[in-house]
Amino acid sequence: MMIELYSIHFHSATSEVVLSELFKNSKLRKDEKEPKKMVLHFLNAYCVILCDSNLKLQEIYNAENSINFCDGKSLVWAAKLIYSKSILHIRGLDFLVSLLENEETSKLNIAILGGNPDSRGSTEVVLRNLYPKLRITEFPIPWFETIDEIDIKFLANALERCKVDVCLITVGTPKQDFLAQKVQESCNVDILCVGAALEFLTGMKPKSPVLFSKLGFEWIFRLATEPRRLWRRYIFGIPIFFWISLKLLVKDFGSKNPND
């Protein structure tokens, strides 16, 4: 079942259901059968802002193989206020932890796509220490401006050689979303676009306090810890998101009161 918010189709399934599909796909690959590949996106208000001016990104989110989860509290609130709908709040970090802590994950071959080439293998080492049974390989890639700068064929071949089941892409939105589409077109793999979630999990970046996350103020903590990188996203992005939401709210109110 899908829930549409801001012209984006959000998945209503729980983390457990999607995890079971990942494990099922892995078994199909081992049996040399064709799985129904998935790309998991964890979306927040910033993604909505990007889609408002980037129809190509919206098409990627609404593709048949895309599973979109609501990562941002602001989208949960907007769903109730504007659409009168309830939507599950599933953070990328929480889903990633559920995946890595699951006993079935030890049967998966996992790849990390992204990171800093100068610190090659550091994320892989930390994750192996946290989860000793994990079968994981890191493929750092250089910073890129556009997807055309990446050798997709080379990456796809490397993933195929390693018989990867699940690929974690960590280069941030929207680059990771475009990269995921291109990689999956050339490779039989499921993809999770996890952004900075791995850095929070491994302690490379500080995690927001639980109370901040529950109240929807995680952005304040992130802005305080990474002001130079994130100030534009939040200082300009929050008013833009409110404006987009206000227009939808007014439109919805008008449609309910056609005679006013």
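Rule-based calculations on the coordinates, nothing more; no lab input. Bear in mind that the values here come from a model prediction, so they are computed numbers and not experimental data. We place every Cβ from the backbone using ideal geometry, glycine too, and count neighbours over all the protein chains shown.
Given the options Leu28, Val48, Ile141, identify the residue whose Cα lies farthest towards the positive end of the charge dipole of segment 11-141 (+1 on Cβ of Lys, Arg; -1 on Cβ of Asp, Glu).
Leu28
Output the antiparallel fraction of DSSP beta bridges having both residues in segment 1-146, as a percent to the nearest 5.
Taking every DSSP beta bridge with both residues in segment 1-146, the antiparallel ones total about 30 percent.
Neighbouring Cβ atoms within 10 Å as the yardstick, rank Phe139, Phe242 fewest first.
Result, fewest neighbours first: Phe242, Phe139.
Exceeding 18 Å between C-alpha atoms, which entries from my cross-link table qualify? They are Lys30/Lys163; Lys36/Lys163; Lys30/Lys107; Lys107/Lys205.
As for pairs spanning more than 18 Å Cα to Cα, those are Lys107/Lys205.
In debye, nearest 20, what is the charge dipole magnitude of segment 120-260 about its Cα centre with +1 on Lys and Arg Cβ and -1 on Asp and Glu Cβ, if you could check?
Here the size comes out at about 460 debye.
Under 29 Å from the Cα of Lys247, which lysines turn up, not counting those fewer than eight places away in the same chain?
Lys56, Lys73, Lys80, Lys85, Lys175, Lys214, Lys256
For the chain, what does the helix formula give at 222 nm: sum of -39500 (n - 2.57) over DSSP H segments with n ≥ 4, over the residue count, nearest 500 deg cm²/dmol?
It comes out at -15000 deg cm²/dmol, rounded to the nearest 500.
Through the Karplus equation 6.51 cos²θ - 1.76 cosθ + 1.60, θ set to phi - 60°, convert the phi angles of segment 81-87 into ³J(HN,Hα) values in whole Hz; use x for Gly and Pro.
6, 8, 9, 6, 10, 9, 9
Label segment 40-191 by shape, choosing from rounded, prolate and oblate, from the square roots a ≥ b ≥ c of the eigenvalues of the Cα gyration tensor; if a/c is under 1.5 it is rounded, and otherwise prolate applies when a/b is larger than b/c, oblate when it is not.
The shape class here is oblate.
Around Leu168, which amide H atoms from residues at least 5 apart in sequence, or from another chain, sit under 5 Å from its own amide H, with H modelled in the peptide plane?
Placed amide hydrogens put Ala111, Ile112, Leu113, Leu192 under 5 Å from Leu168.
If you take the beta carbon distance between Phe217 and Ser98 as r and set R0 to 30 Å, what does 1/(1 + (r/R0)^6) give as a FRET efficiency, to the nearest 0.05?
0.80
Given 0.36 nm per residue, what is the gain on full extension from Ile238 to Trp143 after removing their alpha carbon distance, in nm?
31.6 nm
Hey, in the GNM for the chain with a 10 angstrom Cα cutoff, which one of Leu22, Leu211, Leu40 fluctuates hardest?
Most flexible of the set in this elastic network: Leu211.
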